[in-house]
Structures are given as C-alpha cells and as structure tokens.
Amino acid sequence: MSNTEKDESTIRRNFLGGLWHSAFLTLGVSLTQPTTVIAAFAAELTGSTVWVGGLSTLLAVASALPQLFVARLIEPRPRKMPYLLLAIYLRVISWGILALLIFTIGATHPLSLAWVLVGLLAVFYASGGLGGVPYVAIIGKVIPPHRRGAFFGGKGALAGPLAVGAALLARQILANIPYPNNYALLFGLAAVALFIASLGFWIIREPPRADFDVEALPWREYWGQLTKATRRLRSLVSVQLFTGFSLMALPFYVVYARQELGAPAEAVGWFTLAQVLGGMLANLLWAWLVDSYGSRSMLTVCATLSTLTPLLAIWLGRWGWQGLLPVFSLAGATLNGRGVGFSSALLELAPAAERPTYTALNGILLLPVAFLSLVAGILLQSWSYEILFVLAAIFTASGAILTRRLP
C-alpha cells in the first residue's frame, strides 16, 4: 500500500470515528435537550422562570470557564486524546449519578434535588468545556480542511435517525412513565449513549504534534498570545455575541408553551422531536453551504433564520401549543447551524498550533451570552414573552448584518 493510500485510509478511519462519536453524542443530547427536557424539568421542580434562565446561564458559564486554563496546559502536549476521554467519562458519571438521585429522592425532596441538579449540571458542562478544547484540536489535525464542511454537516445527518428515535423515545417516556422516574430514565439512557459515543475516539489515530514543547508557556508570554488572538477573533466574536440573543429565547419556548398556551407534559416530547428533526434536515444544507460558499455565507443564512424564529413564536402561538412545532424545528436547525458555521470559521481563523487557545478564548469572550437567559428569566417576572421574543429578534438581526464583515 502506497503512502497516499495509507493516508487516505487513516483519514477515512478518523472520519468514521468522529462520526460515531457525534452520532451517539447527539443521541444522548436528544434525550436531555437543555432547551426542552432540562428546562421543563427545572420548571417542574421549582415553577420559576428565574431558575430556568439561571440554569441556562450556569450551563454556559460552566462550559466556558475551564477552557482557558485547560488550553494553556494541553496546547504544548503532543497528544490531546487523554484529556478528551477524561472529560467524556466525567460527563458519563455525572449523568449517571443524577439519574440515580432523581429516582431515589426526586419525589420527596424536590428543592434538594434542584440544588443537586445545579451541581451535577455544572460538572457535566464544565467537563464539556474541558473536552471542547482538545476536541477542536484533534478534529483540526485528523480531518483535512477540504473535508471539514462534509464532516461537520455529515455528522449531524448521520446522527439524525438516532436523534429522531431518541426524541420519540423521550416523548413516550415523558408521557407514559410517572414523574420524576421519567426524567431519571432519560438521564440514565443519556449516560449510556455518551459512554458508547466515547468508543469513537478509541478508533481515531491522533498524530502527535511535531513541534511540541512539554512545558506550558509562562503566563506573561501566554498573555501576549491571548492578546494577539483576541484581535484576530474580534469580528467572529461580535457576530456570535449578537446572534447569541437568539439563544436567550430558546429555553423559554417550552415554558411559554406550558404556561401560556396550555401545553400538556407530553408536548415536551413533541417539541424535542421537532427540534431534532429540524436540526437533522438542516445539517445537509449547512454542510453544502460551507463547502460551496464558505462559512461566512452560511452564517448569514443561519442568522437570518434565527432572527425569524422568535417572531414566528409570537405569530404561530395564536394557534395554540401545536403552532410552536415549526418554531422548535427552526430552533433546532439554527442551533446546529451555529455549531457547523462557527466551528468551521474558528478552524479557518486559528493557526494550527494555537487551536486550543483560540477555542478556549472564543468561549471566554462569549461569556456575556451565558447571562442572557438569566436576565430573560428575571425580566419575565414583569415582561411578557412576546416582548422578550421581539428583543431577541432585534439583536439577532444585528448579528446577521455583521456576518458580512467576517473574513
């Protein structure tokens, strides 16, 4: 076998390993969607929009904070895979413990369980932040540039059937198993799915970094690197910040449907299914746009749809909770679109050796978005959902305009 054939075989192996992980990760996430399942569970436990918004803020902050410290430590390491696997298994353990505690104390100690939920969600999403840094570095090494659009879009398309099955299963569990055991089962199944997903990274052959230095940079030198990276990321971060207002509304679509439109508990399963289907079908479009026209044009389309989504929630809400099903489909499509577009743009922008730092810094600079859902939850104590959705649309539209300034 020639060197070219060996290289192509390795690329194919790595591509398939990445797809395996993404498929089962999507399966686990679809069972515990933060904007539907977790938001509905928090509302069941506390009955408070502040709790729902606060949990969304916690998830984003916990995911972002560890990244910069992790990036400095692992950037000079020849291989990043051990750190990624550690993060994955921490997530498996935290979801497993949460499932057990919901089953044992969920019916008798709801407030205690709410605080347990806070702690274990913090562990789960902090582990996601820990894993996100080496993940981007590994994918940047093992997936060549001309295959990245196909990878980021194709992984969602492959995961689609599993995600749809998971959403259907979630709907059946939420509708037919008594509370809170229905949520315990969902988190337990998600833990199993994440464990199976980890096997994909045992398949991937990560090449060592050729120019590695076993010592991390001193903080003074690393600060200079961060300053330079911040300047290069300015336009990309601006777009993410403004379009991030679309994320502010996401956890409240399900609460709006339950509290204002009279949606039954089993409607959460239908919303989850609609969101998963929307994301699955849109992935093919996002992959084609990135590979054909680049990440900038793809993000313009995605941001425009994100602007329309909260406005449609107001309009379609006239037809009851069923009218929100297309809103959840668009939310799923644009949420996946953010992942495809911004991941591709970040890989294009970051120097290969500094991808962990760029990934971590990008997450830190986006921390203001994390507080939007908390602010929204507080505002909803006196504002209507309609005003919140209009506000989200205005800022997201500004982000759609800013996409034209991306390189």
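Miscellaneous remarks
So that you can scan it fast, the table gives a plain yes or no per residue for (1) modelled with pLDDT under 90; (2) β-branched (V, I, T):
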{"residue": "P368", "(1), (2)": "yes, no"}
{"residue": "L374", "(1), (2)": "yes, no"}
{"residue": "I378", "(1), (2)": "yes, yes"}
{"residue": "E386", "(1), (2)": "no, no"}
{"residue": "A392", "(1), (2)": "no, no"}
{"residue": "A397", "(1), (2)": "no, no"}
{"residue": "I401", "(1), (2)": "no, yes"}
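- Residue match in the stretch 85-92 (condition: basic (K, R) and at pLDDT below 80): no
- Within the stretch 374-407, the set of residues being among the polar types (S, T, N, Q) and loosely packed, with under 14 Cβ neighbours inside 10 Å comprises Q381, S382, S384.
- Of residues in the stretch 168-193 being under 20 Å from S94 (Cα atoms) and in contact with a Leu (Cβ under 7 Å, 6 or more places away or on another chain), the one modelled with the lowest pLDDT: A170
- Candidate set from the stretch 42-68 (those that are over 24 Å from G244 (Cα atoms) and of a type outside the set (D, E, K, R)); member that is surrounded by the most Cβ atoms within 10 Å (Cβ to Cβ): L45
- Being surrounded by fewer than 20 Cβ atoms within 10 Å (Cβ to Cβ) and closer than 26 Å to G54 by Cβ is not true of E221.
- For the stretch 257-265, the criterion of a residue being charged (D, E, K, R), assigned to a helix (DSSP H, G or I) and within 30 Å of L324 (Cα to Cα) is satisfied by at least one position.
- For G119: the one exception among (1) part of a helix (DSSP H, G or I); (2) surrounded by fewer than 23 Cβ atoms within 10 Å (Cβ to Cβ); (3) modelled with pLDDT under 85: (3)
- Flag for S30 being of a type in the set (S, T, Y), at negative phi and modelled with pLDDT of 75 or more: yes
- Restricted to the stretch 159-197, and to residues there that are under 21 Å from P110 (Cβ atoms) and of a type in the set (S, T, N, Q), the residue that is nearest to the chain's Cα centre (by Cα) is N182.
- Flag for S373 being outside any helix (DSSP H, G or I) and not hydrophobic (A, V, I, L, M, F, W, C): no
- Among the residues making up the stretch 300-322, those that are farther than 18 Å from L250 by Cβ and not basic (K, R) are T300, V301, W319, G320, Q322.
- The set of residues in the stretch 235-275 being within 24 Å of I387 (Cβ to Cβ), of a type in the set (G, A, S) and buried (at least 21 other Cβ atoms within 10 Å of the Cβ) consists of G244, S246, A249, A257, A263, A267.
- For P407: the one exception among (1) assigned to a loop (DSSP other than H, G, I, E, B); (2) without any contact (Cβ under 8 Å) to a residue 40 or more places away in the chain: (2)
- Candidates K155, K141 - the one that is crowded, with 17+ Cβ neighbours inside 10 Å, in a helix (DSSP H, G or I) and touching an Asp or Glu at 6+ places or on another chain (Cβ under 9 Å): K141
- When P76, P82 are checked against the criterion of being of a type outside the set (S, T, Y), touching a residue at least 40 places away in the same chain (Cβ under 8 Å) and surrounded by fewer than 19 Cβ atoms within 10 Å (Cβ to Cβ), P76 stands alone in meeting it.
- K228 passes every criterion in (1) within 16 Å of E354 (Cα to Cα); (2) touching a residue at least 40 places away in the same chain (Cβ under 8 Å) apart from (2).
- Whichever residue in the stretch 314-373 is among the basic types (K, R) and either in contact (Cβ under 8 Å) with a residue 24 or more places away in the chain or buried (at least 19 other Cβ atoms within 10 Å of the Cβ) (or both) and, among such residues, is farthest from I139 (Cα to Cα): R338
For every residue, the table says whether it meets (1) among the charged types (D, E, K, R); (2) at negative phi; (3) out of contact with any Phe, Trp or Tyr (no Cβ under 9 Å at 6 or more places or on another chain); (4) not in a helix (DSSP H, G or I).
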position: I173; (1), (2), (3), (4): no, yes, no, no
position: G188; (1), (2), (3), (4): no, yes, no, no
position: P208; (1), (2), (3), (4): no, yes, yes, yes
position: K228; (1), (2), (3), (4): yes, yes, yes, no
position: L233; (1), (2), (3), (4): no, yes, no, no
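The values are calculated or read from the model by the stated rules, or taken from the named source; none is laboratory data. The model shown is predicted, which means the values in this text are computed figures rather than measured ones. Quick reminder, even Gly has a Cβ in these numbers, built from the backbone with ideal geometry, and neighbours come from all protein chains shown.
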